[in-house]
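For reference, the structure discussed in these notes is given below.
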Amino acid sequence: MKSSTFGKRLSEVRKTKKLSQDELAKMLDVHGAVIGRYERDEVKPSIEVAASIADALEVSLDYLVGNTDLLLEKISSNELLIFKGLLKMTETLYSPSSMLSYAILKLNRLIRNKSNT
């Protein structure tokens, strides 16, 4: 697992999302300087604030705090419904082993498409 700090990961994800510190701060109802202090690891946010940051950036809190290197974006409830619908359809069309392969393919495409937007 990478030894990356909360601040470095926060900065990396924020920049990937093309958000300024001020834009993220507005989403969290804090001053932009606070985000800068988090990113420089001068201060650590409370667990509630860290969770709000993860929600705003649509990443897992585990990723931000360094518990995992797997950067998975959260999927919307709409995307989850689509995925559940695909699974239900495949249950009637495919055997269990091919059904799983098909569902994994569709999920990978969904994740890839979401990361390209």
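Any read-out appearing in this document is the output of simple, stated calculations on the displayed coordinates, not a laboratory observation. All of these numbers come straight from a predicted model, not from anything done at the bench. For neighbour counting, all protein chains shown are included, and Cβ atoms are generated from backbone atoms with ideal geometry for every residue, glycine included.
The GluC sites (Glu not before Pro) of the range 1-58 meeting both criteria, a DSSP state outside H, G, I, E and B (loop) and at most 11 other C-beta atoms within 10 angstrom of the site's C-beta, are Glu42. How would the range 12-59 be classified by its alpha-carbon gyration tensor: rounded, prolate or oblate, with rounded meaning a/c under 1.5 and the a/b versus b/c comparison settling the rest? Because its axes are fairly even, with a/c under 1.5, the range 12-59 counts as rounded.
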